[in-house]
Amino acid sequence: MLTDQVAIVTGASRGIGRATALKLAAQGAQVVACARSADKLAEVAHESTQRELSGSVVPSVLDVTDRTEIDKRVEDTIEQRGRIDILVNNAGITRDGLLMSMEDADFDEVITTNLKSVFWMTRAVSQHMVYARRGRLVNISSVSGLSGKEGQTNYAASKAGIVGFSKAAAKELAKRGITCNVVAPGSIEPDMIEGLSEQVKDGYKSLIPLRRFGQAEEVAEAVAFLAGPAATYITGQVRTVDGGLLM
Ligand code: NAP
């Protein structure tokens with residue numbers, strides 16, 4: 001259980017971040033749920049109340065590409081709640097395109113949203129975790145960052161960057177009792193398959209040993225494990241949640 005622990009989850013307005021915020025709240029955490037869409041965050045908070053979860057979800061509008069806002073939000077959280085025990089860096093975007101025609105703006109936007117934000121959030125939060133001599137950092141990468149994917153040089157670079165960043169942070173912060181791990185999802189519903197024909201979906205599924213797409217809740221389980229009391233001796237690791245795709 002995560003009773004009374006304070007967690008920050010970025011990209012919590014939908015998909016994997018939303019499922020993670022609700023999972024941590026179900027285990028008793030006070031979750032500061034960050035994203036840009038205030039209305040969607042409010043829905044997540046409403047769901048946590050309706051389901052009478054033992055913890056809570058507090059909406060917090062934040063654009064993770066804004067370093068000044070990140071620093072301010074982390075300070076506000078410490079001021080209002082006194083501690084931050086868990087940080088889940090989940091916010092992410094894609095701007096797919098073939099390498100030869102990829103615009104600088106599409107490369108930069110993906111790197112800033114997916115990778116630089118992880119640096120900014122982790123730097124701000126770890127300053128408090130270091131004093132507390134405890135903390136759990138969980139960063140969401142992707143199998144695309146481990147094996148590469150056509151049309152995703154920008155995205156794969158950002159997600160591979162998260163793996164290197166997390167291993168270096170894990171080594172640096174271990175002596176202060178802080179762990180830092182990575183969860184790398186494969187193809188997760190619904191976003192990955194939206195708009196695809198049944199034929200294309202079946203083609204994708206045939207490549208996955210478990211023959212189905214994953215659910216956001218299945219990724220949230222892995223995040224909650226790495227953030228929870230059972231994972232005290234695990235750091236610097238990459239946990240794929242991909243139906244066996246990468247084995
Ligand atoms: P999603 O449904 O598209 O949700 C992305 C989340 O990130 C949203 O909550 C979005 O909220 C937030 N976000 C995007 N840009 C932001 C910004 N500038 N500032 C703050 N929040 C921002 O994505 P998902 O499928 O759940 O994926 C979540 C994470 O898992 C991502 O890092 C993704 O790369 C990774 N992943 C997903 C899959 C998959 O199959 N779904 C596979 C591998 C890895 P707002 O728009 O409200 O800001």
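Near Thr112: Cβ cut-off under 13 Å, other residues only, Lys/Arg at +1 and Asp/Glu at -1. The net charge is -3. Round to a whole angstrom and tell me the spacing of the C-alpha centers of segment 103-179 and segment 4-79. The distance from the Cα centre of segment 103-179 to that of segment 4-79 comes to 19 Å. Modelled this way, with points 7 Å down the Cα-to-C-beta line, the labels at Val200 and Glu69 are 3.1 nm from one another. If R0 is 35 Å, the Cβ-Cβ spacing of Arg176 and Ile208 corresponds to a FRET efficiency of close to 0.35. Ranking Ile162, Thr232, Val143 by Cα position along the charge dipole of segment 94-247, where only Lys, Arg, Asp and Glu carry charges on their C-beta atoms, puts Thr232 farthest toward the positive end. Note down the net charge around Gly97, summing +1 for each Lys or Arg and -1 for each Asp or Glu among other residues with Cβ under 9 Å from its Cβ. My count for the surroundings of Gly97 gives -2. Overall, segment 76-128 carries a charge dipole of about 360 debye about its Cα centre when +1 sits on the Cβ of Lys and Arg and -1 on the Cβ of Asp and Glu, all other atoms neutral. When you filter the GluC sites (Glu not before Pro) in segment 166-247 for DSSP loop state and at most 13 other Cβ atoms inside 10 Å of their Cβ, you are left with Glu194. Computed with every protein chain present, the accessible area of Ser48 is close to 10 Å² [probe 1.4 Å]. Only lysines eight or more places from Lys175 in sequence, or on another chain, were considered; those with a Cα closer than 28 Å are Lys72, Lys116, Lys159, Lys167.
Between Asp108 and Ile234, the C-beta separation translates, for a Förster distance of 35 Å, into a calculated FRET efficiency of about 0.55.
Accessible surface comparison of Lys23, Lys72, Lys40, probe 1.4 Å, protein chains only, largest first: the order is Lys72, Lys40, Lys23.
Counted by Cβ distance under 15 Å from Gly151, the other residues give a net charge of -1, where Lys and Arg count +1 and Asp and Glu count -1. Extension gain for the segment Lys149 to Val130, taken as residue separation times 0.36 nm less the Cα-Cα distance, is 3.2 nm to one decimal.
Here the peptides 178-185, 233-240 are ranked by packing, the mean other Cβ count within 10 Å, and the order with the highest first is 178-185, 233-240. Gain on full extension, evaluated as 0.36 nm per residue between Glu52 and Asp76 minus their Cα-Cα distance, stands at 6.1 nm.
The values are calculated or read from the model by the stated rules, or taken from the named source; none is laboratory data. No experiment lies behind these values; they were computed from the predicted model shown. Quick reminder, even Gly has a Cβ in these numbers, built from the backbone with ideal geometry, and neighbours come from all protein chains shown. Accessible surface is based on the protein model in full, side chains and every heavy atom, while ligands, DNA and RNA are left aside. Shrake-Rupley method; radii C 1.70, N 1.55, O 1.52, S 1.80 Å.
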